[in-house]
1. Run through every distinct alpha carbon pair of the chain and return the Kirkwood hydrodynamic radius in angstroms, one decimal place.
2. Stretched out fully, how many nm does the piece from residue 5 to residue 74 gain, at 0.36 nm a residue minus the Cα gap?
3. Keeping all protein chains in place, calculate the accessible area per residue for the chain (probe 1.4 angstrom), answer in Å².
4. Between residue 47 and residue 15, what length in nm is gained on full extension when 0.36 nm per residue of separation is reduced by their alpha carbon distance?
5. Starting from the residue with the highest accessible area, list 52, 59 in decreasing order, probe 1.4 Å.
6. What ranking of 3, 69 comes out by heavy-atom accessible area, probe 1.4 Å, highest first?
7. Sorted by accessible area with a 1.4 angstrom probe, largest first, how do 22, 47 fall?
8. Using a 1.4 Å probe over the heavy atoms of the protein chains, calculate the carbon and sulfur portion of the accessible area of the chain as a whole percent.
Amino acid sequence: MLSNLNRLSLKYNSIVKNAPNDLSKLQELKFIQIQGNRISGTLPELDLPFFDPSSYISDCGNPSNFEDSLVCTECTMCCK
């Protein structure tokens, strides 16, 4: 269940998939970096306390190198 997970770093792993919608179950999460992958869709709103500019990083925003850019309303930093 990973309910106590507080750091998730999956950056630059060549992950190709739709955005996970169950990240909101990780209530202790304070750090997530998933940039450098080919994740598409919309990342869920997590409503978590991100204190650092590098706390929540993804490949969201435009312009994008991908046909469907990733949407993230809470990311603290977008890598394109």
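The values are calculated or read from the model by the stated rules, or taken from the named source; none is laboratory data. These numbers were taken from a predicted model, which means no experiment stands behind them. Ligands, DNA and RNA are stripped out before the accessible areas are found, and what is left, the full protein with its side chains, is counted by its heavy atoms. Shrake-Rupley method; radii C 1.70, N 1.55, O 1.52, S 1.80 Å.
1. Computed over the chain, the radius equals 12.6 Å.
2. 23.0 nm
3. 65 Å²
4. Gain on stretching residue 47 to residue 15: 9.1 nm.
5. Putting 52, 59 in descending order of accessible area: 52, 59.
6. On the way: 3 65, 69 30 Å².
Result, largest first: 3, 69.
7. Values: 22 80, 47 135 Å².
Ranked from most to least accessible, the order is 47, 22.
8. Numbers: 2530 of 5220 Å².
Roughly 48 percent, rounded to a whole number.
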